[in-house]
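*Asks:* My questions will all concern the structure given below.
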Amino acid sequence: MEPVDLLALIAKETSACTKCDLQYSRKNAVPGAGPQNAEIMFVGEGPGFHENEQGLPFVGPAGKFLDELLEKVGLPRDEVFITNVVKCRPPNNRDPLAEELAACDGFLERQIAAINPKVIVTLGRFSMQKYLPNAKISQAHGQAVRIKGRLVVPFYHPAAALHQPSLRSAVEADFARLPEWIEKAGDVPEYVEEQSHKDDDEQKPEQLSLF
Ligand code: SF4
């Protein structure tokens with residue numbers, strides 16, 4: 001199946017999905033938007049009020065800020081793919097639960113496989129923790145890692161800067177470095193997960209290896 005058809009199929013499936021309780025707060029699923037051959041994929045947290053109404057990602061105030069940030073680094077929004085770790089709105093914009101993240105992850109994985117982006121920019125701690133489960137966003141933001149050959153760049157969620165104006169300059173500085181990360185993508189070393197020797201079946205918490 002062609003990537004464009006796979007993405008359409010995923011969108012159709014999310015609109016009728018019953019894999020987790022977020023189905024009950026869904027008016028419209030928000031599978032994501034962007035070209036099937038995007039080199040850069042942004043992965044946020046979950047749909048908010050406006051996204052749930054329109055079925056499109058990042059269309060509220062955080063989306064407008066994201067548009068501004070993209071414009072400043074010369075990245076047209078219609079050239080990037082934008083999605084979230086959960087495709088249905090958590091009630092009252094609460095954090096997604098672990099079981100909801102797990103239930104929805106297959107859709108995101110299939111989107112990544114279909115698009116095969118060079119760079120994944122995670123927006124906020126929930127999408128960062130998909131790749132760096134023990135990282136703190138206050139330390140990891142703006143630092144790229146290579147995971148399974150793909151550049152992963154964790155950023156704060158744009159909404160964080162709207163709620164906490166003190167974060168705005170950090171968010172802007174991270175975005176300003178995005179073209180540099182993309183250019184240097186080949187120089188970023190593969191992220192190495194440290195293994196515990198204490199017990200063959202047990203692993204130490206991951207240590208963040210930053211470039
Ligand atoms: Fe299905 Fe994901 Fe929506 Fe849960 S959030 S109902 S797993 S599409």
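*Asks:* If you average the C-alpha positions of segment 90-137 and of segment 25-79 separately, how far apart do those two centres end up, in angstrom?
*Replies:* 14 Å
*Asks:* Sort 169-176, 128-135 by the packing proxy (mean of other Cβ within 10 Å over each peptide's residues), most packed first.
*Replies:* 128-135, 169-176
*Asks:* Calculate, for ARG77 and ILE147, the FRET efficiency according to 1/(1 + (r/R0)^6) with r their C-beta to C-beta distance and R0 25 Å; round to the nearest 0.05.
*Replies:* In this case the efficiency is close to 0.50.
*Asks:* Is segment 20-124 rounded, prolate or oblate when judged by the Cα gyration tensor, a ≥ b ≥ c being the square roots of its eigenvalues, rounded requiring a/c under 1.5 and prolate requiring a/b larger than b/c?
*Replies:* oblate
*Asks:* At 1.4 Å probe size, with the rest of the protein present, what percent of the exposed accessible area of the chain is carbon and sulfur atoms?
*Replies:* 50 percent
*Asks:* Rounded, prolate or oblate, given the Cα gyration tensor of the chain, with a/c below 1.5 counting as rounded?
*Replies:* Judged from the Cα gyration tensor, the chain comes out rounded (a/c under 1.5).
*Asks:* A further question on this structure: For a quick protection proxy, order the peptides 91-100, 109-118 by their average other-Cβ count within 10 Å, most packed first.
*Replies:* Listed from highest to lowest mean packing, they are 109-118, 91-100.
*Asks:* Accessible area per residue of the chain at 1.4 Å probe, in Å²?
*Replies:* Value for the chain: 51 Å² per residue.
The values are calculated or read from the model by the stated rules, or taken from the named source; none is laboratory data. Fair warning: this is a prediction, and the values are worked out from it, not measured in the lab. Neighbour counts run over all protein chains shown; Cβ positions are idealised from the backbone, glycine included. All accessible areas refer to the heavy atoms of the entire protein, side chains included, with ligands and DNA or RNA removed. Shrake-Rupley method; radii C 1.70, N 1.55, O 1.52, S 1.80 Å.
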